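J.: Quick one: structure below, then a few questions.
The values are calculated or read from the model by the stated rules, or taken from the named source; none is laboratory data. Bear in mind that the values here come from a model prediction, so they are computed numbers and not experimental data. All Cβ positions, glycine included, derive from the backbone under ideal geometry; neighbour counts span all protein chains shown. In case anyone asks, the SASA skips ligands and DNA or RNA and just uses the protein heavy atoms, side chains included. Shrake-Rupley method; radii C 1.70, N 1.55, O 1.52, S 1.80 Å.
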Amino acid sequence: MKMGKVEMVLAMMVLFNMSSCSAWFGNKHKSGRSSILPSQPTSSSCPRLLNPAGSSVVIPLHGNVYPVGFYNVTLNIGQPPRPYFLDVDTGSDLTWLQCDAPCTHCSETPHPLYRPSNDFVPCKDPLCASLQPSDDYNCEHPDQCDYEINYADQYSTFGVLLNDVYLLNFTNRVQLKVRMALGCGYDQVFSPSSYHPLDGILGLGRGKTSLVSQLNNQGLVRNVIGHCLSSQGGGYIFFGNAYDSARVTWTPMSSVDPKHYSAGPAELVFGGRKTGVGSLTAVFDTGSSYSYFNSRAYQALLSWLKKDLTGKPLKAAPDDQTLPLCWHGRRPFKSIREVRRYFKPVALTFNNGGRVKAQFEIAPEAYLIISNLGNVCLGILNGSEIGLEELNLIGDISMQDKVMVFENEKNLIGWGPAECSRVPKSRDVSI
């Protein structure tokens, strides 16, 4: 090791730690809501301190599909920075915290409620406009961006958009205080079935308010996000070039659904055999623990599964309410390894417009769980029963032990096998 190089790196870290990037961001409005916060907008620019082509952010994940039911990250936000646990959601855009503004309805939080900054986003800012249901929205309070977000699991949040500081560590050993938009959620509604203690949501969708979009707008990273969910629990997410493209299979993002990370059309395959179910559109969404197929694909999957399990030592376990369909064996199971030989892999084959097809394989470990009762349960559910209609949603369970890459600049979705329990830390990140 050359000491001179170490000293230079340390000096660079001190220099960058004194910097605070800030950007001017947008807002969101909900009629009928009174103005709860004073307006003190500020605007400044962020110098291009990093080369976005080579810089990236890698953040460790905590949690699992079962029994925890979600993956979360710890982000340090505010001045001074304080830690918050945020659920990772690639199906929505806005990052927000439960907020003492004061809070009208807040659920239990792991940390004290976020105290909002005084840097508020005005109602007609482009970021605020991106959160509104229509382009001709009304501004009751021009100096304030009010928003309402509704999630598929009946969770909803009202809040105000503001700017605050995120403390981020880049893979080239630079730490920056980056000023970006943040939701102050002061009125939450949640269903008991989807409830768990959280400080907020980390929105990583394709919209303008998404954290990676804001980082890209400041010239800090490429507009690329990805994640690696470990079946053993934990893993990591990344913004920018933190993946090895040589090990990734690609398929184009669907132009039919520009708001989500979706791909298609795809064909359902079971055990290497075509099921006859095609023209499927799949949305990849970390906001869901489990995967959901539309009614046609789900019924086909059940038919093939039940036929394939005939004569095997598994019987239906209707008393186990962990998931809609569970099986028991002669004795309680302790791990998927004990039952995987009874199940075949499922796959979605995407037609990329030519002879080359991209296959997203869902191994038994990526669609089964072992319940607390020792039964094996199917982690692919009927989406039509919860209002997803024709949508097919690929949740956390089916993306485990894969690096997933969402290349927003090239409109591509990629995946490849990976050891997700090993969080990249070096400058030359390679998966």
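J.: So in the stretch 58-84, with the set limited to residues that are closer than 17 Å to Asp164 by Cβ and touching a residue at least 40 places away in the same chain (Cβ under 8 Å), which one is surrounded by the most Cβ atoms within 10 Å (Cβ to Cβ)?
T.: Taking the stretch 58-84 as the starting set, the residues that turn out to be closer than 17 Å to Asp164 by Cβ are 73-84.
If we keep only those that are touching a residue at least 40 places away in the same chain (Cβ under 8 Å) too, we end up with 73, 75-79, 81, 84.
Working: Val73: 18, Leu75: 22, Asn76: 15, Ile77: 21, Gly78: 18, Gln79: 12, Pro81: 14, Tyr84: 25.
That would be Tyr84.
J.: In the list Ser134, Ser107, which residue meets the criterion of being assigned by the TED database to the domain that holds Gln188, of a type in the set (S, T, N, Q), in a loop (DSSP other than H, G, I, E, B) and open to solvent by less than 20 Å² (accessible area, probe 1.4 Å)?
T.: Ser107
J.: Counting only residues that are aliphatic (A, V, I, L, M) and within 15 Å of Leu412 (Cα to Cα), which one in the stretch 229-252 is least open to solvent (accessible area, probe 1.4 Å)?
T.: It comes out as Val248.
J.: Got a sec? Which of Leu348, Leu323 is outside any loop (DSSP other than H, G, I, E, B), open to solvent by less than 50 Å² (accessible area, probe 1.4 Å) and modelled with pLDDT of 95 or more?
T.: Residue meeting the stated conditions: Leu348.
Matching residues to (1) assigned by the TED database to the domain that holds Ser231; (2) open to solvent by less than 10 Å² (accessible area, probe 1.4 Å); (3) touching a Cys at 6+ places or on another chain (Cβ under 7 Å); (4) closer than 17 Å to Asp320 by Cα:
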| position | (1), (2), (3), (4) |
| --- | --- |
| Ala358 | no, yes, no, no |
| Pro364 | no, yes, no, no |
| Leu381 | no, no, no, yes |
| Glu389 | no, no, no, no |
| Asn392 | no, yes, no, no |
| Asp396 | no, yes, no, no |
| Asp401 | no, no, yes, no |
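J.: Here is a further query. Hey, any hits in the stretch 58-78 for a residue that's at pLDDT 90 or above, farther than 25 Å from Arg422 by Cβ and not small (Gly, Ala, Ser)?
T.: The answer is yes; a qualifying residue exists.
J.: Being surrounded by 14 or more Cβ atoms within 10 Å (Cβ to Cβ), within 27 Å of the chain's Cα centre (by Cα) and either in the same structural domain as Gly207 (by the TED database) or modelled with pLDDT under 95 (or both) is the requirement here; does Asn294 meet it?
T.: Against the criterion (surrounded by 14 or more Cβ atoms within 10 Å (Cβ to Cβ), within 27 Å of the chain's Cα centre (by Cα) and either in the same structural domain as Gly207 (by the TED database) or modelled with pLDDT under 95 (or both)), Asn294 does not qualify.
J.: Can you tell me which residues in the stretch 145-201 are without any contact (Cβ under 8 Å) to a residue 12 or more places away in the chain and closer than 19 Å to Cys103 by Cβ?
T.: If the condition is that a residue be without any contact (Cβ under 8 Å) to a residue 12 or more places away in the chain and closer than 19 Å to Cys103 by Cβ, then Asn150 is the only one that fits.
J.: Consider only pairs whose beta carbons are under 9 Å apart and that are at least six residues apart or on different chains; among these, list those whose first residue lies in the stretch 381-394 and is closer than 12 Å to Ala152 by Cβ and whose second residue is assigned to a loop (DSSP other than H, G, I, E, B) and charged (D, E, K, R).
T.: Here the result reads Gly383/Glu389; Gly383/Glu390; Ile386/Asp153; Leu391/Asp257; Leu393/Asp285, each pair linking the stretch 381-394 to a residue that is assigned to a loop (DSSP other than H, G, I, E, B) and charged (D, E, K, R).
J.: State yes or no: is Ser156 within 22 Å of Met399 (Cα to Cα) and open to solvent by less than 20 Å² (accessible area, probe 1.4 Å)?
T.: In short, no.
J.: Follow-up. Which one is most open to solvent (accessible area, probe 1.4 Å) among residues in the stretch 138-153 that are farther than 24 Å from Ser117 by Cβ and either of a type in the set (Asp, Glu) or part of a loop (DSSP other than H, G, I, E, B) (or both)?
T.: Here the answer is Asn138.
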